[in-house]
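The values are calculated or read from the model by the stated rules, or taken from the named source; none is laboratory data. Computed from a prediction, not measured in an experiment: that's the story for all the values here. Counting neighbours? That spans all protein chains shown, and the Cβs are built from the backbone with ideal geometry, glycine included.
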Amino acid sequence: MENRRALVSRLPFLVVAILLGAAIVCTTIVRLTEQLPINPWEPATAMEAMRLGAGLPVYESGHATHMYGPLLTVALAGIFRVTGLNLLAARIVMSIFALGLAAFLATILCRGKSSWLLAFLLFLGINFRTNLVFLSAQPDCIAILCAVAGLYLWVTREKSAWRFTFSLALFTAAMLFKQTSAAFALIPFVHALLWRRKFSDLATSVIPTMSILAALVAIYFLAPQMFFAVVTVPAAIKVYPERALATTVYLLGTFPIFLIALLSILRAKIDNRERWILSALVVLVPVSIWTIAKSGGSYNSLLPAYLAMTALFVVRLEAISSWLRSLSNWRMFSAASAIAVVMLLSFFIQLDRDVALLYAHHGDDKYDEVVAEARRLGNGVISPQDPTIAWRANKHFGRSLFFELDAHAVNGNWASELPKSMEQELARADYVVQVNSYVPTPVFGRGLLNNHFHPMTVDTLRDSAYTLWTRRAD
């Protein structure tokens with residue numbers, strides 16, 4: 001009888017695990033077999049790693065690089081040293097860190113082995129709410145993995161002396177992969193403020209934050225161009241505070257498993273895991289909302305908030321299961337089914353958008369053809385919208401249009417005219433490869449016309465996302 005009741009209570013969650021697992025596997029197969037760039041920033045970031053591997057400076061006056069932390073460039077350069085310029089390899093390696101993040105969170109939060117797999121799948125399911133960032137070459141997951149590992153070592157630092165120092169190193173490494181992950185270093189202070197309230201605890205809890213500030217001060221004095229790229233440029237991006245309320249409603253209203261977790265904790269005795277998660281929520285939810293409210297902010301900015309919200313649900317699963325077992329068979333099955341529907345809704349509410357994004361590319365399957373044409377035309381070819389094309393064709397380290405627009409923003413947004421650095425790049429070029437992408441850049445098309453370029457007719461590139469332009473004879 002007990003076995004039957006256990007099956008009745010677990011069956012809806014088993015269905016959730018199967019559907020979520022199937023969606024994760026299918027999405028992973030599609031994304032991690034795609035050779036083409038999946039967004040405009042992927043090839044541009046990769047070329048910065050190639051610059052580093054070739055011994056060229058990444059952070060220098062007049063050169064615009066990406067706004068992520070410098071460790072992303074180092075990590076990608078290490079990958080490309082083994083694989084060559086291979087965007088798929090970079091995507092796969094970064095996805096392994098995403099897998100590690102989900103596994104680590106499930107391991108430290110689950111007390112019983114029976115709930116580990118469901119928790120693991122739930123954390124992986126956040127991918128469907130964050131622009132499939134778990135399957136990209138972006139540093140979000142590796143940065144947060146470092147931050148969560150640093151937080152775990154900080155919480156357990158009394159077990160061994162080395163954990164204290166290593167936790168500070170991981171907090172700093174997280175920030176050097178992606179700057180917003182520095183927010184995790186604030187969690188110990190908020191925890192001490194909310195739950196400990198002793199001066200000694202408060203004083204100790206600011207050490208992670210101070211270690212990150214010390215690292216930034218050192219960068220400011222030792223590598224000012226790096227500081228400009230990773231701090232000054234992102235800080236100049238405009239924030240739209242009016243988006244915050246709508247984002248908050250969206251975040252809470254479309255992720256109802258968090259509301260279930262909150263309801264289950266109202267009258268419960270809060271344990272140490274839940275205190276730390278609540279402290280993380282106080283920090284990570286506002287930071288995520290602030291980040292997505294910036295110009296160009298996207299759903300991957302909400303990753304820290306989703307992780308904290310899902311963590312609270314995961315630690316409450318045991319209590320929710322106990323409550324379900326206290327009900328009659330019919331009520332237990334109905335309640336479990338309702339919770340299962342809420343779980344599926346939380347992760348698949350924007351599945352149509354995920355599917356569209358999954359099959360979106362920057363360019364098309366005529367990539368090899370446009371590289372061959374650029375190689376035939378010689379050293380005068382540039383490709384600012386995808387610098388890998390000119391590099392593969394003629395080993396040209398060209399500028400990235402997207403990085404130049406980021407670095408030369410006007411009033412916190414992309415300028416309506418090409419930056420001077422980009423104009424100089426066009427002035428030196430004989431041919432330009434234009435890429436029609438799902439990220440529109442009309443300013444580049446106007447810049448081509450203003451610099452007396454006109455489109456060429458190339459038979460191999462008919463009906464392609466790639467267009468070759470040549471300079472009009474004066």
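From the list Pro387, Pro419, pick out the single residue that is of a type outside the set (A, V, I, L, M, F, W, C), buried (at least 20 other Cβ atoms within 10 Å of the Cβ) and within 22 Å of Ile38 (Cβ to Cβ).
On the way: Pro419 fails: within 22 Å of Ile38 (Cβ to Cβ).
Just one listed residue meets the conditions, Pro387.
Between a residue in region 170-183 that is assigned by TED's automatic domain parsing to the domain that holds Leu101 and any residue that is among the hydroxyl-bearing types (Ser, Thr, Tyr) and not in a helix (DSSP H, G or I), which pairs come within a Cβ distance under 8 Å, given they are 6 or more apart or on different chains?
Phe177/Tyr68; Lys178/Tyr68; Gln179/Tyr68
If you take the residues in region 179-207 that are closer than 17 Å to Val285 by Cα and either hydroxyl-bearing (Ser, Thr, Tyr) or in contact with a Lys or Arg (Cβ under 9 Å, 6 or more places away or on another chain) (or both), which one is surrounded by the most Cβ atoms within 10 Å (Cβ to Cβ)?
Ser181
Okay, residues lined up against (1) in the same structural domain as Leu101 (by TED's automatic domain parsing); (2) in contact with an Asp or Glu (Cβ under 7 Å, 6 or more places away or on another chain); (3) touching a residue at least 24 places away in the same chain (Cβ under 8 Å); (4) not polar (S, T, N, Q):
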{"position": "Arg267", "(1), (2), (3), (4)": "yes, no, no, yes"}
{"position": "Trp276", "(1), (2), (3), (4)": "yes, no, yes, yes"}
{"position": "Val285", "(1), (2), (3), (4)": "yes, no, yes, yes"}
{"position": "Thr291", "(1), (2), (3), (4)": "yes, no, yes, no"}
{"position": "Ser295", "(1), (2), (3), (4)": "yes, no, yes, no"}
{"position": "Ser301", "(1), (2), (3), (4)": "yes, no, yes, no"}
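Given the criteria crowded, with 22+ Cβ neighbours inside 10 Å, among the aliphatic types (A, V, I, L, M), under 22 Å from Trp276 (Cα atoms) and outside the structural domain of His396 (by TED's automatic domain parsing), does Leu105 qualify?
Values: crowded, with 22+ Cβ neighbours inside 10 Å: yes; among the aliphatic types (A, V, I, L, M): yes; under 22 Å from Trp276 (Cα atoms): yes; outside the structural domain of His396 (by TED's automatic domain parsing): yes.
Here the answer is yes, as Leu105 does meet what is asked.
What's the total number of residues in region 105-140 that are of a type in the set (Val, Ile, Thr), under 19 Å from the mean Cα position of the chain (by Cα) and either in a helix (DSSP H, G or I) or more than 25 Å from Leu251 (Cα to Cα) (or both)? Let's see the steps before the verdict.
Step one: of region 105-140, the residues of a type in the set (Val, Ile, Thr) are 107-108, 126, 130, 133.
Imposing the further condition that a residue be under 19 Å from the mean Cα position of the chain (by Cα) reduces the set to 126, 130, 133.
From what is left, the residues that are either in a helix (DSSP H, G or I) or more than 25 Å from Leu251 (Cα to Cα) (or both) are 126, 133.
Final tally of qualifying residues: 2.
If you take the residues of region 210-238 that are surrounded by fewer than 15 Cβ atoms within 10 Å (Cβ to Cβ) and under 21 Å from the mean Cα position of the chain (by Cα), which of them is modelled with the highest pLDDT?
By that ranking, first place goes to Thr232.
Pick out the one residue from Val355, Val314, Val371, Val342 that is more than 24 Å from Val25 (Cα to Cα) and not small (Gly, Ala, Ser). Outline the logic, then answer.
Details: Val355 fails: more than 24 Å from Val25 (Cα to Cα); Val314 fails: more than 24 Å from Val25 (Cα to Cα); Val342 fails: more than 24 Å from Val25 (Cα to Cα).
Only one candidate qualifies: Val371.
When you look at Ala143, is it closer than 24 Å to Ser295 by Cβ and assigned to a helix (DSSP H, G or I), yes or no?
Numbers: closer than 24 Å to Ser295 by Cβ: yes; assigned to a helix (DSSP H, G or I): yes.
In short, yes.
In region 410-431, which residues are in a loop (DSSP other than H, G, I, E, B), touching a Lys or Arg at 6+ places or on another chain (Cβ under 8 Å) and either more than 19 Å from Trp469 (Cβ to Cβ) or of a type in the set (Ser, Thr, Tyr) (or both)?
Asn411, Gly412
For Phe403, state whether it is in the same structural domain as Val432 (by TED's automatic domain parsing), touching a Lys or Arg at 6+ places or on another chain (Cβ under 7 Å) and within 23 Å of Ala54 (Cα to Cα).
Judged against the criteria, Phe403 is not a match.
If you take the residues of region 12-38 that are in a loop (DSSP other than H, G, I, E, B) and surrounded by 21 or more Cβ atoms within 10 Å (Cβ to Cβ), which of them is nearest to the chain's Cα centre (by Cα)?
Step one: list which residues in region 12-38 are in a loop (DSSP other than H, G, I, E, B), which gives 32-38.
Of the ones still in play, those that are also surrounded by 21 or more Cβ atoms within 10 Å (Cβ to Cβ) are 37-38.
Values: Pro37: 16, Ile38: 14 Å.
The qualifying residue nearest to the chain's Cα centre (by Cα) is Ile38.
How many of the residues making up region 316-326 are without any contact (Cβ under 8 Å) to a residue 60 or more places away in the chain and crowded, with 16+ Cβ neighbours inside 10 Å?
1
Output yes when any residue across region 62-70 is within 18 Å of the chain's Cα centre (by Cα), under 30 Å from Gln385 (Cα atoms) and part of a helix (DSSP H, G or I), and no when none is.
yes
Among the residues of region 90-98, is any closer than 30 Å to Asp271 by Cα, polar (S, T, N, Q) and assigned to a helix (DSSP H, G or I)?
No, every residue in region 90-98 fails to be closer than 30 Å to Asp271 by Cα, polar (S, T, N, Q) and assigned to a helix (DSSP H, G or I).
Can you tell me which residue among Arg91, Arg129, Arg81 is more than 30 Å from Leu317 (Cα to Cα) and surrounded by 18 or more Cβ atoms within 10 Å (Cβ to Cβ)?
Arg91
Just to be sure I understand the filter: pairs with C-beta atoms under 6 Å, separated by 6 or more residues or on different chains, first member in region 18-35 and farther than 14 Å from Ser136 by Cβ, second member crowded, with 16+ Cβ neighbours inside 10 Å. Which pairs pass?
Once the first residue is farther than 14 Å from Ser136 by Cβ and sits in region 18-35, its partners that are crowded, with 16+ Cβ neighbours inside 10 Å give Leu20/Leu121; Leu20/Gly125; Gly21/Leu121; Ile24/Leu124; Gln35/Leu88.
Results for (1) modelled with pLDDT under 95; (2) closer than 24 Å to Asn86 by Cβ, shown as yes or no for each residue.
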| position | (1), (2) |
| --- | --- |
| Trp391 | no, yes |
| His396 | no, yes |
| Ser416 | yes, no |
| Ala427 | yes, no |
| Thr460 | yes, yes |
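Can you tell me how many residues within region 208-242 are without any contact (Cβ under 8 Å) to a residue 60 or more places away in the chain and either at positive phi or in contact with a Lys or Arg (Cβ under 9 Å, 6 or more places away or on another chain) (or both)?
Number of matching residues: 1.
Give me the residue from region 432-450 that is surrounded by fewer than 18 Cβ atoms within 10 Å (Cβ to Cβ) and part of a loop (DSSP other than H, G, I, E, B) and, out of that set, farthest from the chain's Cα centre (by Cα).
Asn436
Quick check: is even one residue across region 396-403 charged (D, E, K, R), in a loop (DSSP other than H, G, I, E, B), within 18 Å of His63 (Cα to Cα) and touching a residue at least 60 places away in the same chain (Cβ under 8 Å)? Working first, answer last.
Step one: list which residues in region 396-403 are charged (D, E, K, R), which gives 399.
Adding the requirement that they be in a loop (DSSP other than H, G, I, E, B) leaves 399.
Now drop any that are not within 18 Å of His63 (Cα to Cα), which leaves 399.
Add one more test, that the residue is touching a residue at least 60 places away in the same chain (Cβ under 8 Å), and what stays is 399.
Yes, that holds for at least one residue.
Go through (1) surrounded by 15 or more Cβ atoms within 10 Å (Cβ to Cβ); (2) at pLDDT 95 or above for Gly363 and report which single condition fails.
The number of the failed condition is (2).
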